[in-house]
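What follows is a set of notes on a single structure, which appears directly below.
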Amino acid sequence: MFDNTKINVLRKVSVDFNKSNIEEVLNELFYNTEINYKIVKNQILLDNKFQNQEFQPIKVTGLVKSEDDDEPLPGVNIYIKGTTIGTITDASGKYEIEVPNENAILVFKYVGYKTQEIPVAGNAEINVILVFEAEYLDEIVVIGYGAVKKIDLTGALATLKEDDFNRGLVSTPEQMIQGRVAGVKITSNSGEPGAGSNIQIRGMSSISTGQQPLFVVDGIPLDIQSTVPSAMISGGWAAGAATSPLNFINPDDIESIDILKDASATAIYGSRGANGVIIITTKKGAPGATNVKYSTYFSISEVPHTIDVLTADSFVSARVRLLDNVSEDDNNHYGFSTNWQEELFRTAYSHNHNLSISGGTDKSSFHASFNYLDQEGIIRKSDHNRVTGRINVSQKALNDRFSVDAKITASQVKENRLPIGETTTADGDLLIQSIQANPTMPVYDTATGELFQVPGIINPVALLEYNDDETKTNKILASISPSLEII
């Protein structure tokens, strides 16, 4: 241990020793220099011999208490400033440490209390009272079965507040954090309104099981499966892509989202947290005047560009040029010009409404909200409609020793879904059919007015009109959490 303002550490020496003790080595190293040394409990203390003729180690003892209740504090970290020499207080708050000289400074550090630096100044006994500061507790994050500083969790936990969420047309919580957290990959299953997302935290954890993390809403673990079953039926036709298991939650009700990434952070959730844990915390009331808030938005969605395909004339010319025995009068040339993508896509209009009321006193608080979302898809007949109501109530009694939190969410989600995505084959996928359909074929039969049908050929509009996949999901999520402080 040394003071680099007094000791020249850049001096180079060349020595050769064999089976020599430490004192012989040090004597040779510092021969004819201004450096003096002393060995104290496996520590080598260096100083300028002309400024301090000798070292005078001091044994310092004392007691550390809390200003809040005047009780001893066990486990307080005490160390000599600028060194790694330190100790901690015992169960009765007492400590003992040896410092090199009277100029040493002792640092007293304890979680939740203000750090203090006290010069020794020749005192053999130093008693300290640490001051409690609640703001220091904000630096602590509880994970699994332990508590660590948030600064040590930058790679294991991520927290997003309301100001960090994605803005715009957001209908599910996953969309709020998409692209906002390092190490978390979120991709949508499809572009359908209310469609689910594939979420990977720190890459793939298995090649044979699911990759979805565990969702926890206000302390309640949720099933991560789709709210709508999908099943392949004859001919490759199928239901739409899996929907989000969180689409019953109003994004405007969310106060924060915590993402737990590693084993220590997810330990309390067991094997269910193997793929990570996403903790959603909803808004609560706060003491003060009653606050009423209303927000709304209206959005327009449309396809920026469609896939370039052959026009009717180009289609006929290509078949005549590339195929044998095909003329312009071929039976597969129907004489019409149809852009099938334009027949399916539309300009979609969506609107969202949020109404909330919150308030409370020192003993009780409440937060209630209502949400209505009507979201159209850019393909005709697809939409997502949600009605959600939520109430959070907190109450304290018995001089704040007893508290109870009650939360309830009720929602109804209606969806019209399309045969698009991973559950279909090429024959049953609406978008694939719109690209490969014959552009000379009409949408409707001019003679009957019905949808045009030819054996063996799929009319994309008919595939849309004759497919009905409407779902309605009612969900109630409720919890009550009483707490009693006995001592």
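In the range 87-111, the residue that is surrounded by the most Cβ atoms within 10 Å (Cβ to Cβ) out of those that are of a type in the set (S, T, N, Q) and assigned to a loop (DSSP other than H, G, I, E, B) is Thr89.
Restricted to the range 211-265, and to residues there that are assigned to a loop (DSSP other than H, G, I, E, B) and of a type in the set (Val, Ile, Thr), the residue that is modelled with the lowest pLDDT is Ile233. Out of all the residues in the range 324-334, is one or more modelled with pLDDT under 90, assigned by TED's automatic domain parsing to the domain that holds Lys185 and among the β-branched types (Val, Ile, Thr)? Among the residues of the range 324-334, not one is modelled with pLDDT under 90, assigned by TED's automatic domain parsing to the domain that holds Lys185 and among the β-branched types (Val, Ile, Thr), which makes the answer no. In summary, Ile432 fulfils each of the numbered conditions (1) in a strand (DSSP E or B); (2) surrounded by 16 or more Cβ atoms within 10 Å (Cβ to Cβ); (3) of a type outside the set (Asp, Glu) with the single exception of condition (1). On the stretch given as the range 293-335, residues that are touching a residue at least 40 places away in the same chain (Cβ under 8 Å), of a type outside the set (Val, Ile, Thr) and not in a strand (DSSP E or B) total 8. The residues of the range 322-356 that are buried (at least 16 other Cβ atoms within 10 Å of the Cβ), closer than 22 Å to Gln453 by Cα and under 52 Å from the mean Cα position of the chain (by Cα), listed by number, are Thr338, Trp340, Gln341, Glu343, Leu344, Phe345. Among what's in the range 62-77 and is among the aliphatic types (A, V, I, L, M) and closer than 11 Å to Leu130 by Cβ, pick the residue that is nearest to the chain's Cα centre (by Cα). The selected residue is Val76.
Of the residues making up the range 375-387, none is assigned to a helix (DSSP H, G or I) and surrounded by fewer than 18 Cβ atoms within 10 Å (Cβ to Cβ).
Examine the range 418-433 for a residue that is in the same structural domain as Thr306 (by TED's automatic domain parsing), of a type in the set (S, T, N, Q) and in contact with a His (Cβ under 8 Å, 6 or more places away or on another chain), and state whether such a residue exists. Taking every residue of the range 418-433 in turn, none turns out to be in the same structural domain as Thr306 (by TED's automatic domain parsing), of a type in the set (S, T, N, Q) and in contact with a His (Cβ under 8 Å, 6 or more places away or on another chain).
Any idea which residue in the range 264-289 is surrounded by the fewest Cβ atoms within 10 Å (Cβ to Cβ), counting only those that are hydroxyl-bearing (Ser, Thr, Tyr) and closer than 30 Å to Leu169 by Cβ? Top of the filtered list is Thr281.
Do you know which residues across the range 70-86 are in a strand (DSSP E or B) and either more than 13 Å from Tyr110 (Cβ to Cβ) or not β-branched (Val, Ile, Thr) (or both)?
Pro72, Asn77, Tyr79, Ile80, Gly86
If you go through the range 176-203 and keep only what is in a helix (DSSP H, G or I) and either in the same structural domain as Thr296 (by TED's automatic domain parsing) or in contact with a Pro (Cβ under 8 Å, 6 or more places away or on another chain) (or both), you end up with just Met176. Taken over the range 287-315, residues that are within 18 Å of Ser358 (Cα to Cα) and out of contact with any strand residue (DSSP E or B) (no Cβ under 6 Å at 6 or more places or on another chain) amount to 2.
The values are calculated or read from the model by the stated rules, or taken from the named source; none is laboratory data. In this text the structure is predicted, and so the values were computed from the model without any measurement. When we count neighbours, we look across all protein chains shown, and the Cβ atoms used for this are built from the backbone with ideal geometry, even at glycine.
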